[in-house]
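The values are calculated or read from the model by the stated rules, or taken from the named source; none is laboratory data. Fair warning: this is a prediction, and the values are worked out from it, not measured in the lab. Every residue, glycine as well, gets a Cβ built from its backbone with ideal geometry; the counts of neighbours run over all protein chains shown. In case anyone asks, the SASA skips ligands and DNA or RNA and just uses the protein heavy atoms, side chains included. Shrake-Rupley method; radii C 1.70, N 1.55, O 1.52, S 1.80 Å.
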Amino acid sequence: MTSHPAFRPRVLTGDRPTGPLHLGHYFGSLQNRVRLQAEGAELFVVIPDYQVLTDRDVAEQLQERVEGLILDYLAVGIDAEQAVIFTHSAVPALNQLLLPFLSLVSIAELQRNPTVKDEIAHSRQAQVSGLMLTYPVHQAADILFCKAHLVPVGQDQLPHLEATRTIARRFNARYAHGASPIFPEPEALLSAMPLLLGTDGGKMSKSRGNAIALGASEDETARLIRGAKTDPERRISFDPERRPEVSSLLSLVALCQGRDPHSVAEELGDGGASALKALVTEAVNEHLRPIRKRRAELAGDRGHLRAVLARGNTRANEIAEVTLAEVTAAMGMRY
Ligand code: TRP
């Protein structure tokens, strides 16, 4: 990338403001964002505030949670001078893309999305809302409004990326008529991260109380890891199939220390879960120490956080308006 200074690939990704970012986000996506930005990519980060309403009636503490995400981004090294960090609700032209995009997918396709199915199963609502079923199309608008090339995400987001590619293809086929396509088909960028489980052995999730937040204190980190699910076998071994919880903890040490999980297991030998947990706590706290220090410093300047967001929202609006004008023109809405 650095050899073609004229071409800056656009990278877009985002995180719902439902709670603080955790180690899964960090190793799964945040590190990739920082690396791509350092390599010259133009980084866009959407904070999809409307999308919080997919599995609950009311989005709570939005202001605090949005500021918390911006803090996490800046603390891990996202460059606020260059990145466009914005919220859904502040970019009307982006949201309007949802209408033509919805016309390009069938109800059956929406109902087949495996990530949506899983979220419906874990939803805290008695009834599934229309937003739950349609948010992947909204996500396509997030990605396509800036014509992103690359989307660094976790495995669970792949169905949404596939939906986005389908929508881009169908829009181009239906409305670009041999002219150059309006939307590029974005690629997902998966990190090489092994599966990290939550401390309860389930999927690590901001809203399931089973994750170590980047901004958690060292004591809180120790307490969460002490309570993590393991198994009774004293000999520690890396075996994700048979021993998913122990293996996930070993992966965490390996990621923090840049090591191989088998060698971590060997070092622990017959030490059992308590030795493993002590090592995980030390590795995580040590790795996060500089990030947490920076986070605490930045937390003192809310004006700066708000300025970063205001700038991002302005830039996102400029881009979204250009794209929407192209879309409505292609659809014959020239009045
Ligand atoms: N659906 C994503 C999540 O739940 C958040 C998200 C919204 C997103 N829009 C996006 C991710 C666009 C990548 C690109 O984590």
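I'd like the full set of residues that are among the hydroxyl-bearing types (Ser, Thr, Tyr) and at pLDDT below 95, limited to the range 27-58. Reasoning before the result, please.
Going through the range 27-58, the residues among the hydroxyl-bearing types (Ser, Thr, Tyr) turn out to be 29, 50, 54.
Passing the criteria: SER29, THR54.
Specify which of the listed residues (ARG174, ARG170, ARG165) is open to solvent by 50 Å² or more (accessible area, probe 1.4 Å), more than 10 Å from the ligand (Cβ to nearest atom), assigned to a helix (DSSP H, G or I) and in contact with a Leu (Cβ under 6 Å, 6 or more places away or on another chain). Spell out how you get there, then give the answer.
On the way: ARG174 fails: in contact with a Leu (Cβ under 6 Å, 6 or more places away or on another chain); ARG165 fails: in contact with a Leu (Cβ under 6 Å, 6 or more places away or on another chain).
None of the other options fit; the residue is ARG170.
To keep it simple, each residue is scored yes or no on (1) assigned to a loop (DSSP other than H, G, I, E, B); (2) open to solvent by 80 Å² or more (accessible area, probe 1.4 Å); (3) not assigned by TED's automatic domain parsing to the domain that holds GLU119.
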| position | (1), (2), (3) |
| --- | --- |
| ALA188 | no, no, no |
| ALA228 | yes, no, yes |
| SER237 | yes, no, yes |
| SER251 | no, no, yes |
| GLU266 | no, yes, yes |
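For the range 283-327, name all the residues that are open to solvent by less than 30 Å² (accessible area, probe 1.4 Å) and without any contact (Cβ under 8 Å) to a residue 60 or more places away in the chain.
ALA283, the sole residue that qualifies.
Say we look at the range 144-160 and pick out the residues that are assigned to a helix (DSSP H, G or I) and more than 8 Å from the ligand (Cβ to nearest atom); which of these is modelled with the lowest pLDDT?
In the first step, residues of the range 144-160 are kept if they are assigned to a helix (DSSP H, G or I); the result is 144, 155-160.
Next cut, more than 8 Å from the ligand (Cβ to nearest atom) only: 144, 155, 158-159.
On the way: LEU144: 98, GLN155: 84, LEU158: 94, PRO159: 97.
Going through the qualifying residues, I end up with GLN155.
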